[in-house]
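Let me begin by presenting the structure, written as structure tokens, before commenting on it.
The values are calculated or read from the model by the stated rules, or taken from the named source; none is laboratory data. In this text the structure is predicted, and so the values were computed from the model without any measurement. Every residue, glycine among them, receives a Cβ derived from its backbone with ideal geometry; neighbour counts consider all protein chains shown. For accessibility, only protein heavy atoms count, side chains too; no ligands or nucleic acids. Shrake-Rupley method; radii C 1.70, N 1.55, O 1.52, S 1.80 Å.
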There are 2 protein chains.
Amino acid sequence: MNASQVTAHLPPGVAVTDPDLLAGYVRDESRFTGAATPLAVLAPRTSEEVAACLRACHAAGVPVVTRGAGTGLSGGANAVEDGVVLSLHRMDAVLDIDPVERLAVVQPGVVTGALRAAVAAQGLFYPPDPGSVASCTVGGNVATNAGGMCCVKYGVTGDFVEALEVVLADGRVLRTGTRTVKGVAGYDLTSLFVGSEGTLGVVTEVTVRLVPAPGPAATLVASFTDLASAGRAVAAISAAGLDASAIEILDATTLSAVDALTRMGIGGAAAMLLVQADAARPGESAQVLGEAAALCETAGAEVAVSEDADEAGLLMEARRQALPALERLAAQRRGDWLLDDVCVPRARVVDLIAAVERVAGETGLVIGVFGHAGDGNLHPTVIFDRADEDSRAAAMRAFDAITAAALELGGTITGEHGVGRLKAGWLTRELDPVALELQRALRRTFDPAGILNPGVAL
Amino acid sequence: MNASQVTAHLPPGVAVTDPDLLAGYVRDESRFTGAATPLAVLAPRTSEEVAACLRACHAAGVPVVTRGAGTGLSGGANAVEDGVVLSLHRMDAVLDIDPVERLAVVQPGVVTGALRAAVAAQGLFYPPDPGSVASCTVGGNVATNAGGMCCVKYGVTGDFVEALEVVLADGRVLRTGTRTVKGVAGYDLTSLFVGSEGTLGVVTEVTVRLVPAPGPAATLVASFTDLASAGRAVAAISAAGLDASAIEILDATTLSAVDALTRMGIGGAAAMLLVQADAARPGESAQVLGEAAALCETAGAEVAVSEDADEAGLLMEARRQALPALERLAAQRRGDWLLDDVCVPRARVVDLIAAVERVAGETGLVIGVFGHAGDGNLHPTVIFDRADEDSRAAAMRAFDAITAAALELGGTITGEHGVGRLKAGWLTRELDPVALELQRALRRTFDPAGILNPGVAL
């Protein structure tokens, strides 16, 4: 197989085959996932060029891995042997913002943070805010049904996707969904494409729902002397149904790593909860946080509440630094990190954290825990020595043990990062055999030749 | 074909073939839709019995129409020639209510109003409230992705469905979704089954998300001297992003019919808007309705606001009587009604209403308009003389003209009732050819023998 079988059929300027450039498209941010140097990177500028790319790949039988910004954590954008990477970075236009219908229409390569900024300028809000919000793309978010800190109040990416334009494996183009609030004409293809990790088609346009701008954020910081108490506070806040816009947790390992990176003076506690409220009506956020503070204090926390929006931003930035801080900690030990994305029922967060502590004890590895406690979606992050085979094997064992614990607690193997290549083996443990058969049959219906992201998910 | 080919293979007590009973299962509440007397009614009591029914029908090649309470308005539960009706009325248990995770697990035959009452007893709220909430079932709501008055704030049925148990056409059983808030392990089969109108499988268990109980409802009534002003008020309230829990409209025809039925003294206006707010925090609903009142007054309305929950209930009951009242009006003229379910972008509600007025003028028929103005989802209801062929033809012309107008305004042919048999021909006008091909391929993937609800939707 060589690249010219595909590139010869493309408009000029779409294909890149310079080896120096190809090296940047081998893999995403995941660890322990297979990858290869692609034959070529295809960088179309329009839906028609995407269709041309897929027609050419389909005719030649060449695998296609679609890529947004490459910030994924499960290997969903890793290139495959004898395949091409279809990068949507040139399709980065915000095509329309409609303040009356509260909709935006964007190309898939728009950076999520850029969309948020563009709609904010019109007094509107696009809630999804994955950790990589400053660099990830809306198309990538659609592919994994990405979440973020907002989900506890606002929901995940899929809750905001109203309509799509999609190019199928053979180059046919279709539209799904409507610009209306409701609509039940035909099967919900939109939801089927959301979270399908580039295996059913290539999304070339996304219509998203917007909401009115929130009020200024107020924030509560609760410090706990043990993890279990923090878990109890999470369960109590969840059960109370408080209208919080974020309920985030960081454990001692993560806190000390963040403190080392940011010098914010937040190290020392066994766990910290950050609770944020963004109610539009004055006084309401303070009331929500007052109730949350009482519940945290009952669980044994020291609590501070700030209604200063800048301080709120700073605290959330500390939370956003969790992974970079753990990455730095690993690097100082010439090590690496392996991040999980399990999700359990909200009341079981404390059990999951306990399981992670057991696994850390058993494997002798450092495991930092942080994540979206209000959703039960945690990111236990295993630190290991890349150069040491035993340490690598222990990291993989720890990762598997944590994932198994989540399933045992009635949870799922992935809350917001997707199955990708990292957890393809795990999917068969979560889904029942009939569901798996049906998932495979669906994939064949969309992509009979099997050229879309082979090796991912199923 | 005779019934024994199926019934001989079923557990005792499942099949009913008494002709007097079969007559009650011929059709739903729709008009102008084909129907037939079923060979038998199958009334399973468990998922295993549903699986046995489907295995028997699959083996015999007998079509299966799944039925909830038969309150549908698009013919989705109409029996077909040489087919059976699978009625889920015996599977009506609320299996679990989990106040911590805010989930309920129910069988499909649970009446929606009964579920709402059961969770309310635990301080929780299940928002979906179709017009037939007192008699329709959760399974039927899942089949059409039913809405109601709550949608403008809370969303449609599908927004509350977290997981399903489904029996496939050949009797295999699968589970979809998770009990966690987030989850992206595999394709979103749950959303695919929601709104699939009994064509992809039979839902035998539904896990729904609940929300904290709302506050007492406060209500605004705005009377307008012309319809266009009401439309402008709707657009203004929508654009302001007010947190209203219902924004309903009734036109003059509907108002006078409701007044004749209820003697509430609400006739006379050209249009009435009902705006409701149900904020949990004291004082907030009054504030929301104060803002809505100002916008209605600017649009020229006379406005009254009530914070009395009983009065709010009474006003919403008047709205719920819209269809029964129009039905009574039709009956007094020995006539019948044909109800549409179009949905347009919110700002186009006024244009849709104008189009309906034009159609009424052109056909000489009475057409009452009511519906969920805040969603753009209206139910223009054509009154005609059943016994007069010309009047019947004019009603069908009016219905088609209104549906066409909705598509032209960027809307959809069905907001919440489903395509059914009534609008199967219209689906090909809304969806593009590639989407239609894909929809048909999906249906074949789930039901290669084509026994599930033939003639519905596609």
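Okay, here's what the table says:
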read-out	value
Residue list for segment B:110-138, restricted to those being open to solvent by less than 30 Å² (accessible area, probe 1.4 Å) and assigned to a loop (DSSP other than H, G, I, E, B)	B:Val110, B:Tyr126, B:Pro127, B:Pro128, B:Pro130, B:Val133, B:Cys136
Residue in segment A:139-147 that is among the hydrophobic types (A, V, I, L, M, F, W, C) and not in a loop (DSSP other than H, G, I, E, B) present	yes
In segment A:165-184, residue nearest to B:Ala435 (Cα to Cα) [restricted to those that are surrounded by fewer than 24 Cβ atoms within 10 Å (Cβ to Cβ) and hydrophobic (A, V, I, L, M, F, W, C)]	A:Leu174
Unique residue being part of a helix (DSSP H, G or I) and within 30 Å of B:Gly215 (Cβ to Cβ) when the list is B:Ala347, B:Ala304, B:Ala354, B:Ala360	B:Ala347
Scope segment B:268-309; condition farther than 27 Å from B:Gly368 by Cα and open to solvent by 60 Å² or more (accessible area, probe 1.4 Å); matching residues	B:Ala280, B:Pro282, B:Gln287, B:Glu291, B:Glu307, B:Asp308
Residues of segment B:340-351 satisfying the condition of being open to solvent by less than 10 Å² (accessible area, probe 1.4 Å) and at pLDDT below 95	B:Val349
Residues satisfying the stated conditions in segment A:310-339, i.e. among the small types (Gly, Ala, Ser), open to solvent by less than 60 Å² (accessible area, probe 1.4 Å) and either assigned by TED's automatic domain parsing to the domain that holds A:Asn145 or in a helix (DSSP H, G or I) (or both)	A:Ala312, A:Gly313, A:Ala318, A:Ala322, A:Ala325, A:Ala330
Set A:Leu431, A:Leu427: member being open to solvent by less than 20 Å² (accessible area, probe 1.4 Å), out of contact with any Lys or Arg (no Cβ under 7 Å at 6 or more places or on another chain) and at the interface with another protein chain (Cβ under 7 Å from one of its Cβ atoms)	A:Leu427
Of residues in segment A:366-400 being among the hydrophobic types (A, V, I, L, M, F, W, C) and surrounded by fewer than 20 Cβ atoms within 10 Å (Cβ to Cβ), the one farthest from the other protein chains (Cβ to nearest Cβ)	A:Ala387
Residues satisfying the stated conditions in segment B:74-103, i.e. within 14 Å of chain A (Cβ to nearest Cβ) and either over 30 Å from B:Leu458 (Cβ atoms) or open to solvent by 30 Å² or more (accessible area, probe 1.4 Å) (or both)	B:Asp96, B:Ile97, B:Asp98, B:Pro99, B:Val100, B:Glu101, B:Arg102, B:Leu103
Among (1) of a type in the set (Val, Ile, Thr); (2) under 30 Å from B:Asp341 (Cα atoms); (3) in a helix (DSSP H, G or I) - the single one B:Val50 does not satisfy	(2)
Considering residues of segment B:162-194 that are charged (D, E, K, R) and facing chain A (nearest Cβ under 7 Å) only, the residue farthest from A:Val456 (Cα to Cα)	B:Arg172
Output for segment B:264-288, where each listed residue is touching a residue at least 12 places away in the same chain (Cβ under 8 Å) and away from chain A (no Cβ under 14 Å)	B:Met264, B:Ile266, B:Gly267, B:Gly268, B:Ala269, B:Ala270, B:Ala271, B:Met272, B:Leu273, B:Leu274, B:Val275, B:Gln276
Residues of segment A:12-63 classified as open to solvent by 70 Å² or more (accessible area, probe 1.4 Å), under 27 Å from the mean Cα position of the chain (by Cα) and of a type in the set (D, E, K, R), total	3
Only listed residue being within 13 Å of chain B (Cβ to nearest Cβ), closer than 30 Å to A:Lys153 by Cα and at pLDDT 95 or above, chosen from A:Thr445, A:Thr403	A:Thr403
Filter result (open to solvent by 10 Å² or more (accessible area, probe 1.4 Å) and free of Cβ contacts under 8 Å to residues at least 40 places away in the same chain) within segment B:139-158	B:Gly155, B:Gly158
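Quick grid of which residues meet (1) assigned to a loop (DSSP other than H, G, I, E, B); (2) within 17 Å of A:Leu452 (Cβ to Cβ):
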| site | (1), (2) |
| --- | --- |
| A:Val6 | no, yes |
| A:Ala23 | no, no |
| A:Glu29 | yes, no |
| A:Arg45 | yes, no |
| A:Leu73 | yes, no |
| A:Ala79 | yes, yes |
| A:Val100 | yes, no |
